[in-house]
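Data block below; observations after.
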Amino acid sequence: MEWYFSAFWIYMQIYIESGWSCPASSPRLFGRENDPIKLTLTTSVNTHGLVNYQLWKDDKNFMTTAFYNGEVVQQEPCAPADCTFTGNAANGDFSITLSNVQKASAGTYKLIAVITNDAKACTTLYVLGSPNRPTVSSNKNPFVGESVIVTCRSSSTTTPLNHGLSLSYEWTIDDQTNPTSARYTYSTSRHQLAISNVQKTDSTIVLKCSAAEVVTNGYTSPESLGFTFNVLYGPDRPLLNIASPFTVWEGEEVQRFECTSDCWPGCNQKWMNAANVTIQHNGTLALGIGTRDKTGLYICVSENNGTEYKKQNETSLMLIVEYAPDVVISQSTTILTENNPLNLRCKATGVPAVYNYTGFVQLVGDVVISNSHAESPGVRDTISVNITSLQLQDTGIYTCNVHNGIIGVNKQLIQTASKRITVRASPKFFVKETNFAGEPSGNIIVTIPFVSVPEYTTYTVIRKGGKPVSTNGKYTLQNKKDFVNALFYGKQVTLTGNVLKMIITDLSEEEFGIYNIQITNSIDTSNFSIHVTAATKPSPPTELNLTSKDNTVTFEWKKGYNGGREQTFVLQASLYPEGSWVNITNIRETDSKYMKYTGRYQVNLTNLVQGIYSARLVALNGIGAAEPVVFKTTFEVMELNKEATPQTGVGRVIGGTVGGIVAALVLVIVIVFAIRRKYTCVCVVKQAKLEDLHEDTQRDHIMDTHGAADPGYNAAQTYETLSMTKETEFYDELSQRDQT
């Protein structure tokens, strides 16, 4: 029999190399290392002749069993140490048990019928292994609002590798296993996790996963390392370090403007102007000193500098540079000739465009003229001076004053513009008196101030009968440049003009009369007449008026012709209807402090003794006195507050007996005359207290306030030019009227 088996063995080696294929339905077994496992291999035994059955794994024969006519004639033990034959070959059961499965145990076990070279039974043993540690990755770095897919990847270590087992996955997100969320979607095996509507906070979540083979008693892999994905976000609307609009003054240092944004992985900022031209390549905009041209829109653009996604956002800054107004005066015409119209319009341009015009005034020298053609000041768009018919009095420098509340670069609030207007007009005469008086056989000087713009070309003086006057032994004519006082809209101004002077010597009857002065320039010829008369006593004052308020009495009057000599006004008062006339104060005709711009005279009296008064006015010059004129209205002085302290400069009150209560002493000014020939001093004296009742009060711009007569006034000096006889007669008459 041994030769038989030897021959059989050689035969078998021939067929081993050709291999055997297992049926497709061969069972598969899965086992873990170090575990026992039984491999079941069964077949029906061939009962005819000699048959060998062998158990092979790969290229290794585990055991051989020989049959003859269906009976076991030889049974070899299972070769590996951990292999035990646990079947019953007689029944065709060739099962074996591996007591300590190892990786090397994995493979396909085949039961081969040697003669037919058929695989009668096959079993594949797969030795399970733990899947490799998974790795986690995402398909991209998502931007906020996008979706991202996170994938968990692992591989099996089960052998052999053709096991075909699948892996299932578990996710741990911030220590929660497979958390549910409307934003989370898992694939079937959970190897992928889709996260929708990604949020900025998703960049902080930690994702982990593990894999397990889908098989009984399969292993689970170690957990992956924690995974976070970058969430790209921003820029949101960039933030500025100031609020828009931002306002600065012209000339002011403009602060730096900072533009910042929140981005991942980062942002780049730049500044652009309204024309989309880049003016700064970072987030800091420094403009330096505020100038008008820097007013405008500035745009900060922020861009996400991520490589996978580009996005930008922007915000705007409106910079307003406020500045004091530029002021311009326009004129409607350049033809500045009298009787033509002229409109001067002052317009301001600044920011803010709210203009407060504080005046559009005419100036002559430093005198402000109240030009009636100027619009009233206030908040308005423009202001104008609209003159329908130009006159010489419209000549001057017109200055417009305006502000919009902003201090200018000149450090001034009020901004101005000026325009000089010179009106071309026919010659204008500025003579206060038309009557010039002189004494026969004496000399007289007549002065005629005038202004001519343009310069005069000729002048002529014609006396009565149409006879021209020329310089000769009787007349002297002089015309020279000089300053001339003029009245512009009620204000006295000084102009550059001419003074025509006519001197007449040895006056006779023939030289008295009307003289006509003609002055011509390129515009027209102007005429003016004067009257040379013999000197006389003055005419009485006219338009007398008095008012009383709070024990202050105001007297006003208009002077009459002074008779050719300076006149003096004597203001007299009488306490009660039957009282004596008492000199209160004396006003010289040329004393401007009592003259109003209208030409009227005005005097205030205070601190008179209580009572009811009448008042009258006497005008006199060196030749004589006019008839006294009485103020039609009486006035009453109420009792003074005894505790009141008299104001500085207020004269003492007139004394008088009032209702038998107050004993008053009344002083009548003592007039001393130097009498020629046989006359002696004539005095009019009332019972009086020797007090000075002539102190001046404080002066204002148009009048003085008096307590009584001027203390510096000397009656004798006032009247010393009177002829002595006429003086005596006049004051004798006054004395007789005043006797009681």
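The values are calculated or read from the model by the stated rules, or taken from the named source; none is laboratory data. Please read these numbers as outputs of a predicted model, since none were measured by experiment. Cβ: placed from backbone, ideal geometry, glycine included. Neighbour counts: every protein chain shown. With ligands, DNA and RNA removed, areas are computed over all heavy atoms of the protein, side chains included. Shrake-Rupley method; radii C 1.70, N 1.55, O 1.52, S 1.80 Å.
Of note:
- Within region 44-64, the residues that satisfy the criterion of being farther than 16 Å from N117 by Cβ and part of a strand (DSSP E or B) are K57, K60, F62, M63.
- Check on T180, touching a residue at least 12 places away in the same chain (Cβ under 8 Å) and of a type in the set (S, T, Y): no
- Identity of the residue in region 155-172, in contact (Cβ under 8 Å) with a residue 40 or more places away in the chain and in a strand (DSSP E or B), that ends up most open to solvent (accessible area, probe 1.4 Å): E170
- Residue that is surrounded by the fewest Cβ atoms within 10 Å (Cβ to Cβ), among those in region 99-114 that are in a strand (DSSP E or B) and of a type outside the set (A, V, I, L, M): G107
- The numbered conditions (1) part of a loop (DSSP other than H, G, I, E, B); (2) open to solvent by less than 50 Å² (accessible area, probe 1.4 Å); (3) at pLDDT 95 or above are all true for Q412 except (2).
- Residue count for region 571-592, restricted to those that are open to solvent by less than 40 Å² (accessible area, probe 1.4 Å) and closer than 21 Å to N545 by Cβ: 12.
- Within region 131-154, being open to solvent by 50 Å² or more (accessible area, probe 1.4 Å), under 20 Å from E223 (Cβ atoms) and not β-branched (V, I, T) holds for N132, R133, R153.
- Test for I406: is it open to solvent by less than 50 Å² (accessible area, probe 1.4 Å) and either among the hydrophobic types (A, V, I, L, M, F, W, C) or under 23 Å from the mean Cα position of the chain (by Cα) (or both): yes
- Of all residues in region 375-398 being open to solvent by 20 Å² or more (accessible area, probe 1.4 Å) and in contact (Cβ under 8 Å) with a residue 40 or more places away in the chain, the one that is nearest to the chain's Cα centre (by Cα): N386
- Per the listing T349, T334, T358, the residue uniquely open to solvent by 30 Å² or more (accessible area, probe 1.4 Å) and part of a loop (DSSP other than H, G, I, E, B) is T334.
- When V368 is tested against the conditions (1) under 35 Å from the mean Cα position of the chain (by Cα); (2) among the hydrophobic types (A, V, I, L, M, F, W, C); (3) open to solvent by less than 50 Å² (accessible area, probe 1.4 Å); (4) over 30 Å from W249 (Cα atoms), the lone failure is (3).
- Filtering region 306-325 to residues that are open to solvent by less than 80 Å² (accessible area, probe 1.4 Å) and modelled with pLDDT of 90 or more leaves N313, T315, S316, L317, M318, L319, I320, V321, E322, Y323, A324, P325.
- Within region 609-640, the set of residues being in a loop (DSSP other than H, G, I, E, B), under 12 Å from F555 (Cβ atoms) and open to solvent by less than 30 Å² (accessible area, probe 1.4 Å) comprises just one member, F631.
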